[in-house]
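K.L.:
The structure follows.
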Amino acid sequence: MTFLVTAASGHLGRLVVDALLERGVPASDIVAGARTPAKVDDLAARGVRVAELDYARPDTIAAALDGVTRVVLISGNGPDRVAEHRTAIDAIRGAGVERLVYTSAPRNDVIDYALGADHKATEQAIAASGVSATILRNNWYTENYLDTLARAADTGEIVAATGDARVASASRRDYAEAAAVALTTDELAGRTVEIGGDVAWTYDELAAAASEVLGRPVTYTRVSVEQLAEGLKAAGLDAGTAAFVAGIDDAIARGALEQTDGSLSRLIGRPTTPLVEGLRQGLAAR
């Protein structure tokens, strides 16, 4: 069995390759797809097959899929995300891949938000393709808050429009291990699962964690979605990007990230990484 990991030069993709190797998959049975293969030279040095793979170039996807049995499709982050995902899905279907694992966004079928809409459209494209798939709706990555910590180190403040909502974040490594389980077993075949950290924390608790990690007092300042968008524009973001970012806070306030039922920890066979530990590890890796 041969496994393709797309976007293998990215943070999550590289960790998925590591997780496969840790699960005993021979390096020769792993294909690391990357837009710039030179960025994964270290994986090639470990015996992993490296292939050029650009979601915007179908020929590279088809070539990378040669001899591949199962694929983890790690979501892109460009402006044409959905179109590129559809291109990849078409290629995966054409190659006769046995199983597709897709890294999606949480609760995109019950809460309307721009980021979730892209993932919902991709999930629909996967369903229409007829390819056997596992959809992993990953909650937030704890590492998403490293820039927040960097600002808090200077200001002593975390400003957000999330109200009293909770976030069930986990570390990228936790989600990478889940993807490796989904790829190498039949446990999640044909399923869509919401996975996240064992603990859903509030932004006041995020501020407390930041205080512990940074060694200085940090407080959480609540603002409205409109105030946040205006602040982002004042900081230099264009109106569209500011609205997108503020919209994520709005989705969090409406409960997009609050769900936690232990699915991720059961899947990976250990507790998920606690918030403080995840923040410390993320800062150390920067």
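K.L.:
Across the chain, what fraction of all alpha-carbon pairs, as a whole percent, falls in each successive 5 Å bin from zero upward?
P.N.:
1, 6, 12, 16, 18, 17, 13, 9, 6, 2, 0
K.L.:
Hey, rough spin-label estimate for Ala63 and Asp41, points 7 angstrom out along Cα→Cβ, what's it come to in nanometres?
P.N.:
1.9 nm
K.L.:
Based solely on its DSSP helices, what 222 nm [θ] is calculated for the chain when runs of n ≥ 4 H residues each add -39,500 (n - 2.57) and the sum is averaged over all residues, nearest 500 deg cm²/dmol? Show your work: numbers first, answer last.
P.N.:
On the way: 12 runs with 131 residues, N = 286.
Taken over the chain, the calculation gives -14000 deg cm²/dmol.
K.L.:
Hey, another quick one. Which of Ile111, Ile126 comes first, and how do the rest follow, when ranked by fewest Cβ neighbours within 10 Å? The partial results should precede the final answer.
P.N.:
Values: Ile111 16, Ile126 25.
By the 10 Å Cβ count, ascending, the order reads Ile111, Ile126.
K.L.:
Per the Kirkwood treatment, what hydrodynamic radius in Å, one decimal, follows for the range 135-286 from the mean inverse distance over all distinct Cα pairs?
P.N.:
After inverting the mean inverse Cα-Cα distance, the result is 16.2 Å.
K.L.:
Additional query: Stick to Cα atoms and the Kirkwood definition of Rh, then tell me Rg/Rh for the range 235-286.
P.N.:
Numbers: Rg = 15.8 Å, Rh = 14.0 Å.
With Rh from the inverse mean 1/r over Cα pairs, Rg/Rh is 1.13.
K.L.:
Take the alpha-carbon centre of the range 235-286, take the same for the range 64-114, and report the distance between them in whole Å.
P.N.:
Cα centroid to Cα centroid, the span is 21 Å.
K.L.:
Separation between the His11 and Asp109 pseudo-spin-labels, each 7 Å from Cα along Cα→Cβ, expressed in nm?
P.N.:
Label at His11, label at Asp109, 2.8 nm between them.
K.L.:
Starting from the range 170-279, pick out the trypsin sites (Lys or Arg not before Pro) whose DSSP state is loop and whose Cβ has at most 16 other Cβ atoms within 10 Å.
P.N.:
Working: sites: Arg172, Arg173, Arg191, Arg222, Lys233, Arg254, Arg266; in loops: Arg191, Arg254.
Answer by residue number: Arg191.
K.L.:
Sticking with the crude label model, points 7 Å out along Cα→Cβ, report the distance from Ala285 to Asp186 in nm, one decimal please.
P.N.:
If labels sit at Ala285 and Asp186, their model points lie 3.3 nm apart.
Read-outs: derived from the displayed coordinates by stated rules, not from any lab. Everything numeric here is computed off the predicted structure, so don't read it as measured data. Virtual Cβ from ideal backbone geometry, glycine too; neighbours counted across all protein chains shown.
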